[in-house]
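S.K.: My questions will all concern the structure given below.
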Amino acid sequence: MVIPINLDIEADVLVIGGGLSGAWSAIAAAQQGASVVLVDKGYCGTSGVTATAGPGHWWVDPDHRDEAIRVQSSRSGGLADPGWMARVLDTTWRILPTLASYYPFPVDDQGITQYRALRGPEYLRALRQMAEDLGVRILDHSPALELLLHRDGSVAGARGIRRQAGGGSWCVRAGAVILATGGCAFMSRLLGSQTNTGDGYLMAVEAGAELSGMEFSNYYTVAPIYSTQTRSASYVFATYFDSDGAELDIDWGDGNRSLAKALLAGRVFCNLARMPQDLRDRLSQIQPAVLLSFARQGIDPFTDKFEVTLRGEGTVRGSGGIRIIDENCQTSVPGLFAVGDAATRELIAGAISGGGAQNSAWALTSGYFAGRGAARLVRGSGRRVHEEGIAIGKAGIHPAHSVMALDTRAIIAGVQQEMEPFDKNIFRSGVGLRGSLTRLDALWQDVRNHLYAEGVDLIKARESAALVATARWCYTAAFTRQESRGMHIRDDAPMPDPRFTHRLLVGGLDQVWTQLDEGSEPESIASEAA
């Protein structure tokens, strides 16, 4: 299909995604003197999971970093990199305060400026203003559909749709592209994640990149059943009850497995009566949206019981994403970079969730590294921003066979039926994963062979394709990792296997493949999982 180009732009650096990591990428590239265009599926400053949160950062003073790294390394399942942790901690410490002229960091009673915890809406608004002041051109409501490549395989830019221009399109020819498209929560109603549908993963793999750590994608967060409010810190103080009012023995530290088991048995309720009074008094300042959601329902969470569920966070608070190969967060595709939740966070989190603090610090620092690296790459190599690139998008844009009327809502529901149920994704087994993959493979064949759309409907078609593809990569990696490590727990292989003390790569579209990362011997593992 030929998409008419209504907006044709040249830039040194194109950033796809306007959340925390995308904004920092654009700022860092512009500070290096690069011309920068940022495109966002929503509105840069309000879209993504950070804009609805109260993000803390992994904020550790120099005297305590060795201990922080030691503790994080001990929890990572042997997959994190202490060197990267040190680099992220140091860069966060140096760069976050540079936002002071745009963000009013608070001062404590001793007069000390507090940098660690920020308010999401103000944080993203400050980043947008800083980017605009540096000359970054921002295209809101302009989702990317596909990457452009030069004939030698290096990235040449991207193209997409302008939602608010009557379905018109844009094309940005750039010397470097930074994917800041976020993780993928499979449209589970995780607060702020509806724009995070795996688009960047699909674009990267179409270009020839690999993913890493996609098996670490089954993090779930407790939330009121009526709400998308998934800020979970308050639930450290929760007491849980079944529908008859009997107290349940729920282990907060088991990755929500005991809560998931209780939910599979019936309805679950809780209250927050054990929260200390001083925290109750400060909660409206720390996370104001938490209490607001209760107030709207007429619920006092400290005295009233309210029904809860678990919402899947996929790779948002998992640790999997696009593999990066150098200190600038470049992928194996020349000129293509990945940052934030779009990139693997195994380097600092390993097999466990980066939670809020590590992931926020990673979003800042990976964006900073990639922005500077992309600008320097373009400046140093004189990359060919004037040359036309080849559009490489396939599923949802160019059907492999005959066009058929496929319902994207049914496609998304099919993915959710495999990725959301606790008995499939929390309680994993080889038999269960194989069954899910059989169904997902069939869904992919329908999407790849027949899905077609035009105009703004292309957005939902590509989202649907990305969701199916991401689910296949997650479960293929989970099937191959025949052990339990971090958040990935196999009920049929409950112990760690030393052979898997390596990061696991996954890629491919019609034929998904896996192998252990460089320096390992993937054949012995891959053959057993085939």
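S.K.: If contacts are Cα pairs under 8 angstrom and at least 6 residues apart, what is the relative contact order of the chain in percent?
M.R.: Answer for the chain is 21 percent.
S.K.: Calculate the translational D of region 1-154 in whole µm² s⁻¹ from Stokes-Einstein, where the hydrodynamic radius comes from the Kirkwood formula applied to all Cα pairs, the temperature is 10 °C and the viscosity 1.306 mPa s.
M.R.: So the translational diffusion coefficient is about 89 µm²/s.
S.K.: I've got another one for you. For Phe237, what is the net charge nearby, where nearby means another residue's Cβ is under 10 Å from its Cβ and Lys, Arg count +1, Asp, Glu -1?
M.R.: Details: positive: Arg274, Arg280; negative: none.
Every neighbour counted, the sum reads +2.
S.K.: Another question, then. Once ligands and nucleic acids are excluded and a 1.4 Å probe is used, how much of Cys171 is accessible, expressed in Å² to the nearest 10?
M.R.: The value for Cys171 is about 10 Å².
S.K.: Find how much the distance from Arg296 to Arg116 grows on full extension, using 0.36 nm per residue of separation minus their present alpha carbon separation; answer in nm with one decimal.
M.R.: Difference between extended and current length: 61.8 nm.
S.K.: Using only the C-alpha atoms of region 220-357, find the volume of their convex hull and express it per residue in Å³.
M.R.: Details: hull volume 18.9 nm³, N = 138.
Per residue, the Cα convex hull of region 220-357 comes to 137 Å³.
S.K.: Below 8 Å between Cα atoms, with a sequence gap of 6+, how large is the relative contact order for region 396-512 in percent?
M.R.: Relative contact order of region 396-512: 34 percent.
S.K.: Also, I was wondering about something else. Out of the DSSP beta bridges found with both residues in the chain, what percent are antiparallel (nearest 5)? Each step should come with its number before you reach the end.
M.R.: Working: 40 of 62 bridges.
So the antiparallel bridges in the chain amount to around 65 percent.
S.K.: Additional query: Write down, largest first, the equivalent ellipsoid semi-axes of region 352-476 in whole Å, where each equals the square root of 5 times an eigenvalue of the alpha-carbon gyration tensor.
M.R.: Values: eigenvalues 204, 131, 29 Å².
In descending order the semi-axes read 32, 26, 12 Å.
S.K.: Take the eigenvalues of the Cα gyration tensor for region 1-90, scale each by 5, and report the square roots as semi-axes in whole Å, largest first.
M.R.: So the three semi-axes of region 1-90 are 35, 16, 14 Å.
S.K.: Accessible area, 1.4 Å probe, largest first: how do Thr315, Thr52 sort?
M.R.: Largest accessible area first, the residues go Thr52, Thr315.
S.K.: Moving on to the next point. On a 1.4 Å probe surface of the protein chains, which of Asp517, Asp63, Asp457 comes out largest in accessible area, and what is the full order?
M.R.: Result of the area sort, largest leading: Asp63, Asp457, Asp517.
S.K.: Next up: Take the alpha-carbon centre of region 168-223, take the same for region 455-489, and report the distance between them in whole Å.
M.R.: The two parts, judged by their Cα centres, are 10 Å apart.
S.K.: Related question: Among all lysine pairs in the chain that are eight or more places apart or on different chains, how many have alpha carbons less than 24 angstrom apart?
M.R.: 5
S.K.: Relative contact order, percent, of region 197-280 when contacts are C-alpha pairs under 8 Å separated by at least 6 residues?
M.R.: Values: 66 pairs, mean separation 21.6, N = 84.
It comes to 26 percent, rounded to a whole number.
S.K.: Report the net charge of residues surrounding Ala400, where surrounding means a beta-carbon distance below 12 angstrom and charges are Lys +1, Arg +1, Asp -1, Glu -1.
M.R.: Working: positive: Lys394, Arg448; negative: Asp446, Asp510.
Here the charged neighbours net out to 0.
S.K.: Shifting gears a bit: Any idea of the accessible area per residue across region 265-404, 1.4 Å probe, to the nearest Å²?
M.R.: Working: 5330 Å² over 140 residues.
About 38 Å² of surface per residue is accessible.
S.K.: Oh, and also: How much accessible surface area, in Å² rounded to 10, belongs to the heavy atoms of Thr228 with a 1.4 Å probe?
M.R.: Here the residue's solvent-accessible area equals roughly 40 Å².
S.K.: Sticking with this one: What are the DSSP H helices in the chain that stretch 24 Å or more along their long axis, judged by alpha-carbon atoms, and whose average Kyte-Doolittle hydropathy comes to at least -1.0?
M.R.: 357-381, 430-450, 457-480
S.K.: Whole number in Å², please: accessible area per residue of region 137-249, 1.4 Å probe, ligands, DNA and RNA not counted.
M.R.: Per residue, region 137-249 has an accessible area of 28 Å².
S.K.: With all protein chains present, how much of the accessible area of the chain (probe radius 1.4 Å) comes from carbon and sulfur, to the nearest whole percent?
M.R.: Of all accessible area on the chain, carbon and sulfur atoms account for 50 percent.
S.K.: I would also like to ask the following. Counting just the Cα atoms, what span does the chain cover along each of its three principal axes? Round to the nearest Å and put the largest first.
M.R.: 66, 58, 48 Å, listed from the longest principal axis down.
S.K.: I'd like the distance separating the alpha-carbon centroids of region 319-394 and region 291-316, in whole Å.
M.R.: Each part reduced to its Cα centre gives a spacing of 35 Å.
S.K.: Can you list the HN-Hα couplings for region 175-184, worked out from phi with the Karplus curve (6.51, -1.76, 1.60; θ = phi - 60°), rounded to whole Hz and with x for Gly and Pro?
M.R.: For region 175-184, the Karplus-derived couplings read x, 8, 10, 10, 8, 10, 8, x, x, 9 Hz, x marking Gly and Pro.
The values are calculated or read from the model by the stated rules, or taken from the named source; none is laboratory data. A quick note: this is a predicted structure, and the numbers were derived from the prediction, not measured. FYI the Cβ positions are ideal-geometry reconstructions off the backbone, even for glycines, and counts take in every protein chain you see. The accessibility values were calculated without ligands, DNA or RNA, using every heavy atom of the protein model including side chains. Shrake-Rupley method; radii C 1.70, N 1.55, O 1.52, S 1.80 Å.
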